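First comes the structure, then the notes that go with it.
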Amino acid sequence: MNRFCQSCGMPLSQDPKHGGTHSNGSRSGAYCSYCYANGEFTDPGISAQNMQYSCFEKLQEKGLWRPLAWLLTRNVPRLKRWKDPEAARQVMH
Ligand SMILES: [Zn+2]
């Protein structure tokens with residue numbers, strides 16, 4: 001069980017659905033419900049940089065201080081989905 005979504009870096013404890021779902025309906029311990037649902041990434045074509053930027057934008061929309069939003073999203077490219085695509089695929093099934 002990861003504490004943070006391995007795609008966007010969001011704390012899984014803050015996910016209202018407590019994690020994404022596999023194709024068989026079981027709960028993913030690796031991804032949040034925004035990134036992963038029914039065994040698929042919700043945005044399969046997105047790049048690490050685009051994910052990082054869209055999270056950064058969302059945090060700022062929530063009113064987060066810009067440098068803090070940057071701090072929270074700077075590790076996105078190091079998460080499992082981006083750093084190790086093969087391992088990321090395996091936890092999907
Ligand atoms: Zn996520």
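Key figures
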read-out	value
Length-normalised contact order for the chain - Cα pairs under 8 Å, 6+ apart - percent	27
Spin-label model distance (nm) - Trp65 vs Asp15, 7 Å beyond Cα toward Cβ	2.9
Radius of gyration, Dmax [segment 12-90; alpha carbons; angstrom]	13.1, 40
Order of Leu79, Leu68, Leu59 under a 10 Å beta carbon neighbour criterion, fewest first	Leu68, Leu59, Leu79
Rounded to 10°, Cα long-axis angle of helix 48-61 versus longest principal axis of the chain	60
Segment 17-93: chymotrypsin sites (Phe, Trp or Tyr not before Pro) in DSSP loop, at most 12 other beta carbons within 10 Å	Trp65
Reachable lysines, given that their alpha-carbon falls under 27 Å from the alpha-carbon of Lys83 and they are not under 8 places away in the same chain	Lys17, Lys58
Restricting the chain to trypsin sites (Lys or Arg not before Pro) in coil, as DSSP defines it, with at most 15 other Cβ within 10 Å	Arg3, Lys17, Lys62, Arg74
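Read-outs throughout are calculated quantities, based only on the coordinates presented, and are distinct from any laboratory measurement. This structure is a prediction, so every number in the text was calculated from the model and none was measured. Glycine also receives a Cβ, built like all others from the backbone with ideal geometry; neighbour counts cover every protein chain displayed.
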